[in-house]
Amino acid sequence: GVPIALHIFFFQAVASPPSSNFLLLGPSGAGKTAFTTLLETKSSLASNKSHSTHTSQQSTLVTVTLPPTVPTGSNRYRSDNDPSLKEAIRNPIKYRVRDTPGHGKLRVSQGISELQTMSQSKDIKTRLRGVVFMVDTAALVDEATLRDTATYLHDVLLFLQKRAKNGSSSKRTTDVPVLVAANKQDLFTALPPGAVKEKLEAEIDRIRKSKTKGLLDASADIGLEDEEEILGNDEQETFSFKLLEHEVGVKVDVIGGAVKGDLQEEFGSGVRRWEEWVGMCL
Ligand code: GDP
């Protein structure tokens with residue numbers, strides 16, 4: 001017969017499909033490196049493997065596992081006795097997260113070019129499944145930080161909007177949803193996720209308005225046609241993530257969590273709702 005080790009190898013090769021990719025973006029200091037490290041630690045605890053440590057200086061791609069109790073979009077457990085839950089425990093679902101360094105002015109262009117590269121993959125098994133845009137919810141009260149964060153998010157969403165428009169009619173397969181991971185909810189100065197959503201929407205609205213105005217001025221000056229797209233299309237409406245979903249089909253969820261702090265250390269649950277979002281994309 002076939003040696004047992006080989007059996008195991010084949011079982012794993014067949015049973016766990018190639019990983020799905022997620023891109024982690026956001027301003028520096030938001031907690032991206034801490035989040036990646038936490039996911040790796042959780043995964044290595046589950047599989048008894050050691051994990052590497054990294055700094056926020058370079059882009060890293062890590063393969064991590066989804067906790068078996070987190071349902072996936074294609075697989076929602078009805079009960080603890082559900083056979084698919086047992087299968088998930090035996091053979092945890094893996095996914096990959098690419099962390100992008102977030103320093104200085106380079107940050108946005110690096111993040112966007114990573115987004116470009118990853119979203120061009122035609123292979124259904126390696127294509128980009130979602131973008132996690134991480135924000136420090138205790139830092140958003142600062143006007144400059146808010147403006148900076150919203151500008152970055154605006155550019156990411158505009159990229160996804162253009163991509164959605166140029167996509168083929170088989171839209172479902174090309175959709176890339178965005179999770180705004182409202183991090184550091186453990187801090188008492190943190191804005192709750194609802195307020196984070198409102199602030200980001202209002203700031204993006206302002207950015208949109210000043211862009212439209214700039215374009216009008218420019219086209220008045222040199223008689224150019226207005227070719228630049230406006231995020232969410234309908235410039236008469238105030239910007240909201242709902243408008244974006246409705247007009248363009250790009251879905252944005254704002255969900256609170258904490259990579260560090262008591263919540264995380266006591267229950268390991270500060271990132272649970274983000275993992276559930278990841279699961280829904282799979
Ligand atoms: P990056 O630049 O986005 O990679 O951010 P880092 O992962 O380097 O995190 C920046 C700082 O925020 C570090 O000191 C982290 O320990 C801290 N941090 C990350 N997540 C949390 C959190 O959920 N709560 C608190 N209180 N601090 C956090």
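The values are calculated or read from the model by the stated rules, or taken from the named source; none is laboratory data. Since we're looking at a predicted model, the values are computed, not measured. Cβ atoms come from the backbone with ideal geometry, glycine included; neighbour counts cover every protein chain shown.
Within the range 60-110, being modelled with pLDDT under 75, assigned to a loop (DSSP other than H, G, I, E, B), within 16 Å of the ligand (Cβ to nearest atom) and surrounded by 14 or more Cβ atoms within 10 Å (Cβ to Cβ) holds for Pro101, Gly102. Put simply, of Ala139, Ala164 the only residue that is more than 18 Å from Val97 (Cβ to Cβ), hydrophobic (A, V, I, L, M, F, W, C), touching a residue at least 40 places away in the same chain (Cβ under 8 Å) and in contact with a Gly (Cβ under 6 Å, 6 or more places away or on another chain) is Ala164.
Checking the structure you have, find out if any residue of the range 180-190 is modelled with pLDDT under 85, surrounded by fewer than 16 Cβ atoms within 10 Å (Cβ to Cβ) and within 16 Å of the ligand (Cβ to nearest atom). No - not one qualifying residue is present in the range 180-190.
If the condition is being touching a helix residue (DSSP H, G or I) at 6+ places or on another chain (Cβ under 9 Å) and at pLDDT below 55, then the range 9-35 contributes only Ala15. If you check Leu115 against the conditions, is it touching an Asp or Glu at 6+ places or on another chain (Cβ under 8 Å) and either part of a helix (DSSP H, G or I) or at pLDDT 80 or above (or both)? So Leu115 does not fit the description; no.
It is to be established whether one or more residues within the range 207-223 are within 28 Å of the chain's Cα centre (by Cα), buried (at least 16 other Cβ atoms within 10 Å of the Cβ) and at pLDDT 90 or above. Yes, the range 207-223 contains a residue that is within 28 Å of the chain's Cα centre (by Cα), buried (at least 16 other Cβ atoms within 10 Å of the Cβ) and at pLDDT 90 or above. Whether any residue in the range 36-45 is within 16 Å of the ligand (Cβ to nearest atom), out of contact with any strand residue (DSSP E or B) (no Cβ under 8 Å at 6 or more places or on another chain), farther than 15 Å from Arg90 by Cα and modelled with pLDDT under 90 is what I want to check. Taking every residue of the range 36-45 in turn, at least one turns out to be within 16 Å of the ligand (Cβ to nearest atom), out of contact with any strand residue (DSSP E or B) (no Cβ under 8 Å at 6 or more places or on another chain), farther than 15 Å from Arg90 by Cα and modelled with pLDDT under 90.
Being closer than 21 Å to Gly73 by Cα and modelled with pLDDT of 90 or more is a condition met by no residue of the range 147-165.
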